[in-house]
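One structure is given below, encoded as C-alpha cells.
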Amino acid sequence: MKNLARQIVVLFAVILFCAGGTANSAPVDMKDGEWEVTSETSMTMGTMSMPSMTSKMTHCITRDDPVPASEKEKDCKVVDQKVVGNTVSWRVVCKDGEGEGEITYRGTSYKGTFRMKMAEGGETTRKGTSRKKTAEGGEAMTMNVKLSGKYLGPCPKGQKSGPTGETAKQMAKGQEMAAQAKQQQAEMEAQRQKAEAFLKKAAVPEDEPGACGQKGFGWTEKCDKQVGKLDLQDGEYEITVEEASRFGASATLAEVKRKTVSVGENKPVPQDLLTGPQAETVKRGKNRITWRASRERVETTGGVTYRGASFEGVVRTETGTGSGEKMLQVKKVTGKRVGEAKDDVGRILSGRGYSPKEGGGGDSAVGEVNPLKNPVKGIRNLFGL
C-alpha cells in the first residue's frame, strides 16, 4: 500500500504538466520551471481510517518533456485526460487500483483533489463501487488526496527536467536500494537453484548385494565372515561436508565445511552423517554401509561407499510438519585419507581394536589434545605455544 501511495504522489507531479503538451488544447495558465508538489493523503478501509500523511517533492519539468524520465516505467499510468480552460481532469489506472482527480491552475499555483480505490489482495476495485472484498477476505481501501502546488522559479542551471534537490536525492537512493534488492533477489535465486541441484544429485547409495545385517556400524565377526573385511583404511581423513535443505518452495545451501576426523573399521561412519534418529537397520557389505531410521515424523536413510583410502556418504532426512508439508535435509560427506591415526603420545592406532578419538569420528582434528588427559599440551595448544 505504501509503494502504491508513493507512485500516486509521483504521478501528481506528472499530471500537473501534462496539460502543457496536450494536443488541440490551449496551454494551461502555468509556468515552466521548478515546482513544489504538496499532497495531503488520508486513507480509509471500512470503518477504519489512517492518519493523514503530507508529502512534498520538487520537479523541474518543461512542456517539451513533461514526464520525468525516472518515472516513465511505473505501475501506474494516466488515462482519459481532459483539459477545459485552466482545469485538468484525469483518470489513473494502476496495478492494484484506479482513481480520478482534478486540478485547477492559477499561473504560479494550483489546487485540486484526487480519489483512489485500492485492493490489498491485488484486485482492482470497479468504478462506482464503495467497497469490495479482496481475495484474502480484506476490504478495499479508499485514498483521498488534497493537492496543491507552487512555482518555485527557473530550473537549476543545466537541468531541463526531472526531480530536483532532496527529491532527486531520495529518488536516487530509492533506485540504488531497488537495484541492491534486485541483485540480492538474483543471488538468492541462484543459491536456491544450486541447492535444488544438490538435493537432486546427492543420492543415498543402494544396499550392497549380499550385505550383512547388523546392529550399529562397528566391526562384527558375523559380517566380517559373511562379506569380508570392509574396504577402509584406518586413519585420519580430510573430509568435505556439503549440506542443503528444502521446506516448501524454499531451498537453501549451507556453507561447505572442511575438517579432519578419525575414521576406522570399528567406527567407519563420520559423525557428520549420523543425523536424525538412531539407525534401526544397518547393512554392511565389503564396499558399502547403508542404514535406515524412523521416529514419529522423521525418516532417515543414509549410506557410505568405501574405496580403501577414500569414501563418500550421503544422508537424507525428511521431517513431517503439522501443515502436511515435509522438510528435507541432505548432507554429503566425502573423505580422503591424509595419514595415520595416533594417540596423544604418538602411537599409531589401527585394527579392529582401533577406536577413533573422542567424538566418535566426528569433529576431532589432527593433533587435537584432550586437556583433561594432558593438561600441559592442552594449555600449549590453547595459547599457541
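Here, each number is a calculation from the coordinates, and none is a lab measurement. This one's a predicted model, so the numbers in the text were calculated from it and none came from an experiment. Using ideal geometry, Cβ is built from the backbone for each residue, glycine included, and neighbour counts are taken over all protein chains shown.
Couplings 3J(HN,Hα) of the stretch 261-269, computed from phi: 9, 8, 9, x, 4, 7, 9, x, 9 Hz, in residue order, whole Hz [Karplus 6.51 cos²θ - 1.76 cosθ + 1.60, θ = phi - 60°; x for Gly and Pro].
As a calculated quantity, the FRET efficiency between Ala309 and Val93 at R0 = 56 Å, using C-beta atoms, amounts to about 0.20. Each residue, Ala181 and Val338, gets one label point 7 Å from its Cα in the Cβ direction; the gap between the two is 4.5 nm. Considering all C-alpha pairs of the stretch 205-330, those separated by over 24 Å amount to 32%.
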